[in-house]
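Notes follow once the structure below has been shown.
Readers should treat all values here as calculations from the given coordinates under stated rules, not as data from a laboratory. Small disclaimer: the values here were computed from a predicted structure and weren't measured. Cβ atoms come from the backbone with ideal geometry, glycine included; neighbour counts cover every protein chain shown.
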Amino acid sequence: MEHTTNAVLAAADSLIDAFSRHDREKYFAAFSKDATFIFHNLDRPLKNRAAYEAEWALWETRDGFRVLSCRSSDRNLQLLGNVSIFSHSVETQAEFGGEAVTSRERETIVFEKQPDGAWLAVHEHLSQAS
């Protein structure tokens, strides 16, 4: 059980680290191709990783989006066999059109163990912190 906990937390930490450095390639590699996404700032769910990658690219070109840093706290992990649910509070510093913006949100990421033993994110839900 401890090995599984460590493996899932390592996958979460890698995902968060890549996001915090605006490392698109490593960040999106942490998600399965059929992962789904629900973000409070979008009017629709994103039904796969390609849809999120397209949205991210739009934010970059249209809005001058760039992640500057990301800090994770209040972390919780539920292990459910080959599925794990990771939730945390997240504080992100990002840039939009040259202006730094700080957001405070809550996030849930569902990970699934792959046949090769890797843990990939299959769902992400982001909501505003109250």
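Tell me which residues, restricted to the range 57-89, are out of contact with any helix residue (DSSP H, G or I) (no Cβ under 7 Å at 6 or more places or on another chain) and either under 18 Å from Phe31 (Cα atoms) or small (Gly, Ala, Ser) (or both).
Correct list: Ala57, Gly64, Ser73, Gly81, Asn82, Val83, Ile85, Ser87, His88, Ser89.
Under 7 Å by Cβ, and 6 or more places apart or on different chains, what pairs join a residue from the range 55-67 that is closer than 14 Å to His22 by Cα with one that is of a type in the set (S, T, N, Q)?
Pairs found: Val67/Ser20; Val67/Thr92.
Does Asn48 satisfy the condition of being within 22 Å of Thr5 (Cβ to Cβ) and either surrounded by fewer than 18 Cβ atoms within 10 Å (Cβ to Cβ) or among the polar types (S, T, N, Q) (or both)?
Values: within 22 Å of Thr5 (Cβ to Cβ): no; either surrounded by fewer than 18 Cβ atoms within 10 Å (Cβ to Cβ) or among the polar types (S, T, N, Q) (or both): yes.
Answer is no for this residue.
Looking only at the range 22-54, which residues are among the basic types (Lys, Arg), more than 24 Å from Gly97 (Cα to Cα) and without any contact (Cβ under 8 Å) to a residue 12 or more places away in the chain? Before you say what the answer is, go through the steps one by one.
Of all residues in the range 22-54, those among the basic types (Lys, Arg) come to 24, 26, 33, 44, 47, 49.
Then keep just the ones that are more than 24 Å from Gly97 (Cα to Cα); that gives 33, 47, 49.
Correct list: Lys47 only.
Assess whether Phe19 counts as being touching a residue at least 12 places away in the same chain (Cβ under 8 Å), among the hydrophobic types (A, V, I, L, M, F, W, C), part of a helix (DSSP H, G or I) and under 21 Å from Arg106 (Cα atoms). Before the answer, list the steps.
Numbers: touching a residue at least 12 places away in the same chain (Cβ under 8 Å): yes; among the hydrophobic types (A, V, I, L, M, F, W, C): yes; part of a helix (DSSP H, G or I): yes; under 21 Å from Arg106 (Cα atoms): yes.
Criteria met by Phe19.
Which condition number in (1) touching a residue at least 40 places away in the same chain (Cβ under 8 Å); (2) acidic (Asp, Glu); (3) within 18 Å of Arg106 (Cα to Cα) is the one that Asp74 fails?
(1)
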